[in-house]
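Just so it is clear, none of the values below were taken in a lab; they were calculated from the coordinates. Bear in mind the structure is a predicted one, so any value in this text is a computation, not a measurement. Cβ coordinates were reconstructed from backbone atoms using ideal geometry, including for glycine residues, and neighbour counts include every protein chain displayed.
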Amino acid sequence: MSKLTIARAINAGLRRALESDSKVVIMGEDIGKLGGVFRVTEGLQKDFGEDRVIDTPLAESGIVGTAIGMALRGYRPIVEIQFDGFVYPAFDQIVCQVAKMRARSLGKVRLPMVIRIPVGGGIGAVEHHSESNEAYFAHTAGLRVVACSNPEDAYWMIQQAIACDDPVIFYEPKRRYHEKGELDLLADAAPRALFEATIARPGEHVTLAAYGPMVKVCLDAATAAAEEGKSVEVIDLRSLSPLDMDVLATSVEKTGRLVVAHEAPTFLGMGAEIAASVSEKCFYHLESPVIRVGGYNIPYPPSRLEEEFLPDLDRVLDGVDRALAY
Amino acid sequence: MSDNEVAVTKDAAAAVDAAALAALHAPVPETIADGGPELVQLLTPEGERLDHPEYSAYIDDLTDDDLRGFYRDQVLIRRVDAEATALQRQGELGIWASLLGQEAAQIGSGRALRPQDYAFPTYREHGVAWVRGVDPLNLLGLFRGVNHGGWDPNENNFHLYTIVIGAQTLHATGYAMGIQHDHAVGTGDPERDAAVIAYFGDGATAQGDVNESFVYAASSNAPVVFFCQNNQWAISQPVERQSRIPIYQRARGFGFPGVRVDGNDVLAVYAVTKAALNAARSGQGPTLIEAYTYRMGAHTTSDDPTKYRISAEVEVWKLRDPIARLKAYLTASGKADPAFFEDVEGEADVLAVRVREGCLAMADPAAVSMFDHIYVEEHPLIEAERAGFAAYSASFEGGH
């Protein structure tokens, strides 16, 4: 077993993918000598060369658009978007081109590409560096969207995303990049499938679903709730498209209550879809409405206010209490 | 002409084509040491005044006061920059983007603007902000994280900083199109005719938005000056990653003139920018200026340039310092005496203290203010969330 940070775990996963498949290439801004602004690709260009770890010009639409071309030619490009807020210049390429190529070609074309995006707030950054834009992409048919929350998942999920024949948006929880966890780098296979949710902590009274950077907040909230005698089951969704409704529904049918937490604004966020789907699937099991805990419906605020914006342990507990009040 | 002659001519043409092609495909030199033969320079790094057949005329009307003012501007903004870097190191700012080394490019171009002109900056144009009259403390708010800029762009005709690379070049072009629609171009009235200046860096030249702004400006003949500070580095990527030809030469392909100026020579920058702004105001359309300069520091305080560039390069550029060369010129020409330089240093010290104290005094905004200014008109969801937030916050008062 090794103890790695999320950033190093992704690095290790990328390395393994580069080693095992000569068609895997990485493209992005400052990913070579610098190793990316978060050092996730550190050392990869040195070991695999400039042809496989490609420093691109400074143009996100260009990165994604040319990655599409590389994929059409048989490569498996991994694109690094430097910050969540910088993906928008590539929005057209992702939504109109990446997502639809398969359907437009009536299944003749596949685009096995991964678009890595460091996501979310909590790092004291200036504007455009703390966005949670997962709902845009999860809303787009043709894209798969996943979000890792811990080093073990980071290591395996990046490899599984690269191996996937569909395009995958891969969210990395940037404020957790340096948090450590145990994993087995030499294991032959991933512990679970890419698009499965997991029960991160079992519980009885209320289900608390989250993904990416909010999973840790929810686990901490569950620990705090336990001290007050409330048993919270925490689900790490891991995949946002597709959503693993089986794990969610099974849990909600047991607890009768669901709280969904994310950093993104609640209005039309992932929580809205989850609430609607769970209401349809588990209507007779629900003891309370599905509660959403998320960011407010405002532009991400200046960093001095981000602690007020981001759902913290208290806000999550407040959501749990509201669900239990019914 | 015999068949043979035709063949020979064809061969010769082919040889010329091959040579031209080979030249086009020649590897780009790692660094272009001196900016090349077309660099407009009026002041050498040693502080010697040069004449230029086209641009000397544009500094003829500068008084000694103006020249000393260029010096003062540069020293003061460099001091603000150093203070901001220190404040970031001490945890008072979240991040800072230093302009160190680019003072002449910013002061020279900014001083060429008229009050009715409009500037669209990146996030590094502290020197332009300074000459437009934006208080340095206003700049610090964004970097401290108490706001996203927040100054009134129309107060000084200086737009908010734009962080998304290159986006502002389209805004600048559109603003210039508005000036055209207002018939504020080519009237000959120096108080009325206006132009726009769009700042961006060498990295931004790769962005679609920047190239589209060139197309739009050319298509509409908009009164906009594209001012590219080529500081040689886009975070870790050298300018050669973005362009195989000198950036100013790209303008030709879009159908307007381009000029490369020594960005560390405040006189040349002033002259070239003034000429381009004059052309824009008089209805002759856009110009691309490439100010050839160097980012002496890191991309931002979050960056570590030792990972990707050699210190010898920085040493070369230290010898081209924009402030030192102007000081040498002012001294040698007798336009400034030691007392003047001492006064400016003293003024810089005072300004640094004001910036530091002002930064430390900058309070965090009230949390509920994050719901302000999202829309012009009332929005029910915002109002509901504002009320919910206030009630939630109040639930903690009196002990939790």
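Show me B:125-133, A:138-146, A:197-205 ranked by packing, highest mean number of other Cβ atoms within 10 Å first.
Going by the mean number of other Cβ atoms within 10 Å, highest first, we get B:125-133, A:138-146, A:197-205.
How many percent of all Cα-Cα pairs in the stretch A:1-58 sit more than 17 Å apart?
When all Cα pairs of the stretch A:1-58 are counted, 32 percent exceed 17 Å.
Identify the GluC sites (Glu not before Pro) of the stretch B:365-395 meeting these criteria: DSSP loop state and at most 16 other C-beta atoms within 10 Å of the C-beta.
Passing sites in the stretch B:365-395 are B:Glu377, B:Glu378.
Under unit Cβ charges (Lys, Arg +1; Asp, Glu -1), what dipole magnitude, rounded to 20 debye, does chain B have relative to its Cα centre?
Its charge dipole is roughly 500 debye.
Which order, highest average first, do B:299-310, A:249-260, A:68-79, A:178-189 follow once you tally other Cβ atoms within 10 Å for each residue and take the mean per peptide?
Going by the mean number of other Cβ atoms within 10 Å, highest first, we get A:249-260, A:68-79, B:299-310, A:178-189.
Using a 7 Å offset from the Cα along the Cα-to-Cβ direction at both A:Glu182 and A:Ala325, what is the distance between the two label points in nm, to one decimal?
Taking the simple label geometry, A:Glu182 and A:Ala325 are separated by 4.0 nm.
Shielding by partners for A:292-305, please: the mean number of other protein chain Cβ atoms within 10 Å of each residue's Cβ.
6
For A:Ile169, enumerate residues with amide H under 5 Å from its amide H, sequence gap 5+ or separate chain, H modeled in the peptide plane.
For A:Ile169, whose amide H was placed from the backbone, the distant partners under 5 Å are A:Ile115, A:Arg144, A:Val145, A:Val146.
Neighbour counts of other C-beta atoms within 10 Å: give me A:Phe283, A:Phe83 arranged from fewest to most.
Least to most surrounded, the residues fall as A:Phe283, A:Phe83.
With a point put 7 Å past each Cα toward its Cβ, work out how far A:Glu253 is from B:Gln90 in nm, to one decimal.
Between A:Glu253 and B:Gln90, the simple spin-label model gives 6.2 nm.
Kindly give the semi-axes, whole Å and largest first, of the ellipsoid equivalent to the protein assembly as shown, taking each as the square root of 5 times a Cα gyration tensor eigenvalue. Can you show the working numbers first?
On the way: eigenvalues 486, 218, 108 Å².
Square roots of five times the eigenvalues give 49, 33, 23 Å.
Long-range amide H contacts for A:Gly28: which residues qualify at under 5 Å (H placed 1.01 Å from N, peptide plane, sequence gap of 5 or more or a different chain)?
Long-range HN contacts for A:Gly28: A:Ile54, A:Thr56, A:Glu80.
Under the 0.36 nm per residue contour assumption, what length would be gained going from the current alpha-carbon distance of B:His373 and B:Glu54 to full extension?
Result: 110.0 nm gained on full extension.
Got a sec? Charge dipole of the protein assembly as shown, +1 on Cβ for Lys and Arg, -1 for Asp and Glu; which of A:Ala224, B:Gly47, A:Pro57 is way out at the positive end?
Value: A:Pro57.
First measure r as the distance between the Cβ atoms of A:Ser288 and B:Val215, then evaluate 1/(1 + (r/R0)^6) with R0 = 45 Å and state the FRET efficiency to the nearest 0.05.
Efficiency, from the Cβ-Cβ distance: 0.20.
From the phi of every residue in the stretch B:174-191, what ³J(HN,Hα) in whole Hz does the Karplus formula 6.51 cos²θ - 1.76 cosθ + 1.60 yield, where θ is phi - 60° and glycine or proline is x?
Calculated HN-Hα couplings, in order: x, 4, 5, 5, x, 4, 4, 4, 7, 6, 10, 9, x, 7, x, 8, x, 7 Hz.
Please state the shape class of the stretch B:61-163: rounded when a/c is under 1.5, otherwise prolate if a/b exceeds b/c and oblate if not, all from the C-alpha gyration tensor.
Because a/c hits 1.5 or more and a/b fails to exceed b/c, the stretch B:61-163 counts as oblate.
Work out the FRET efficiency for B:Ala391 and A:Ala226 from their Cβ-Cβ distance, taking R0 = 25 Å, and round it to the nearest 0.05.
With a Förster radius of 25 Å, E is 0.40.
Taking every residue in B:143-150, how many Cβ atoms of other protein chains lie within 10 Å of its Cβ, on average? Walk me through the numbers before you get to the answer.
Numbers: counts 2, 4, 10, 4, 5, 8, 3, 1.
Average per residue, whole number: 5.
Using θ = phi - 60° and the Karplus relation 6.51 cos²θ - 1.76 cosθ + 1.60, list the HN-Hα couplings for the stretch B:92-103 in order, rounded to whole Hz, with x at every Gly or Pro.
Karplus values, whole Hz, x for Gly and Pro: 8, 10, x, 7, 9, 9, 6, 9, 3, x, 10, 4.
So what's the gap between the Cα centers of the stretch B:358-400 and the stretch B:277-344, to the nearest angstrom?
The two parts, judged by their Cα centres, are 43 Å apart.
Taking amide H positions as placed 1.01 Å from N in the peptide plane, with prolines and chain starts having none, which residues 5 or more places from B:Leu43, or on another chain, fall under 5 Å of its amide H?
So B:Leu43 has HN proximity to B:Leu50, B:Ala268.
Need one number: nm distance between label points at A:Asp165 and A:Asp314, each 7 Å from Cα along Cα→Cβ, rounded to one decimal.
5.2 nm
For B:Glu397, B:Glu38, what ranking results if the residue with the fewest other Cβ atoms within 10 Å of its Cβ goes first?
By the 10 Å Cβ count, ascending, the order reads B:Glu397, B:Glu38.
Once you charge only the Cβ atoms, +1 for Lys and Arg and -1 for Asp and Glu, what is the size of the charge dipole of the protein assembly as shown about its Cα centre, to the nearest 20 debye?
1600 debye
Take every residue in peptide B:390-396, count the Cβ atoms of other chains within 10 Å of its Cβ, and give the average of those counts.
Average per residue, whole number: 1.
Using the structure shown, select from A:Lys23/A:Lys46; A:Lys216/A:Lys254; A:Lys33/B:Lys318; A:Lys3/A:Lys174; A:Lys46/A:Lys174; A:Lys174/A:Lys216 the pairs with a Cα to Cα distance greater than 20 angstrom.
The answer is A:Lys216/A:Lys254; A:Lys33/B:Lys318; A:Lys46/A:Lys174.
Would you calculate, for the protein assembly as shown, the mean residue ellipticity at 222 nm contributed by helices, counting each DSSP H stretch of 4 or more residues as -39,500 (n - 2.57) and dividing by all residues, to the nearest 500?
-12500 deg cm²/dmol
Could you tell me which of B:Gln232, B:Gly149, A:Gly181 has its Cα farthest along the dipole of the protein assembly as shown towards the positive end, charges placed at Cβ (Lys, Arg +1; Asp, Glu -1), taken about the Cα centre?
Going by the Cα projections, it comes out as A:Gly181.
To the nearest 20 debye, what charge dipole does chain A have about its Cα centre, counting +1 at the Cβ of each Lys and Arg and -1 at the Cβ of each Asp and Glu?
Taking the Cα centre of chain A as origin, the dipole is about 920 debye.
To the nearest 0.05, how large is the calculated FRET efficiency for B:Glu347 and B:Arg309 if R₀ is 41 Å and r is the Cβ-Cβ distance?
Plugging the Cβ-Cβ distance into 1/(1 + (r/R0)^6) gives 0.75.
What are the ³J(HN,Hα) values, in whole Hz, obtained from phi via the Karplus relation 6.51 cos²θ - 1.76 cosθ + 1.60 with θ = phi - 60°, for each residue of the stretch A:231-245 in sequence order, with x given for Gly and Pro?
9, 10, 9, 9, 10, 8, 5, 6, 10, 9, 8, x, 8, 7, 6
Which one of B:Pro37, A:Val146, A:Ser105 is farthest out on the positive end of the charge dipole of the protein assembly as shown, using unit charges on Cβ (Lys, Arg +1; Asp, Glu -1) and the Cα centre as origin?
A:Ser105
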